[in-house]
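Following: one structure in structure tokens, then a few remarks.
The values are calculated or read from the model by the stated rules, or taken from the named source; none is laboratory data. Source: prediction; values computed, not measured. All Cβ positions, glycine included, derive from the backbone under ideal geometry; neighbour counts span all protein chains shown. Just the protein is used for accessible areas: all its heavy atoms, side chains included, with ligands, DNA and RNA removed. Shrake-Rupley method; radii C 1.70, N 1.55, O 1.52, S 1.80 Å.
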Amino acid sequence: MPVTRRFLLGLGGGAAAAGITYLITTTPPWWWAVGLTVAVFIWFGELILDLVIP
């Protein structure tokens, strides 16, 4: 997957996860932490899988 496509997918996925979390709880640390975690997992998912599954 191209880098720009993965970046945009991570950005969209993170924003969606943050939005859903914000609807459930309006506590700021939770919704931005969830959104950032989802985005990072999408951005670095291929590298993480390469390290876990040789």
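Worth pointing out:
- Peptides 46-54, 8-16, 26-34 ranked from most to least packed give 8-16, 26-34, 46-54, packing being the mean of other C-beta atoms within 10 angstrom over each peptide's residues.
- Element breakdown for the chain at a 1.4 angstrom probe: carbon and sulfur atoms account for 79% of the accessible area.
- Relative to the longest principal axis of the Cα atoms of the chain, helix 28-52 runs at roughly 10 degrees.
- Mean separation of Cα contacts under 8 Å, 6 or more apart, over the residue count of the chain: relative contact order %: 39
- Taking the stretch 1-23 and a reference point 7 angstrom along Cα→Cβ of PHE41, the backbone N atoms nearer than 18 Å belong to 6-23.
- Label corresponding to log10 I(q)/I(0) by the Debye sum over Cα atoms at q = 0.17, 0.29 Å⁻¹ when calculated from the structure given, among (1) -0.55, -0.99; (2) -0.67, -1.04; (3) -0.49, -1.64: (1)
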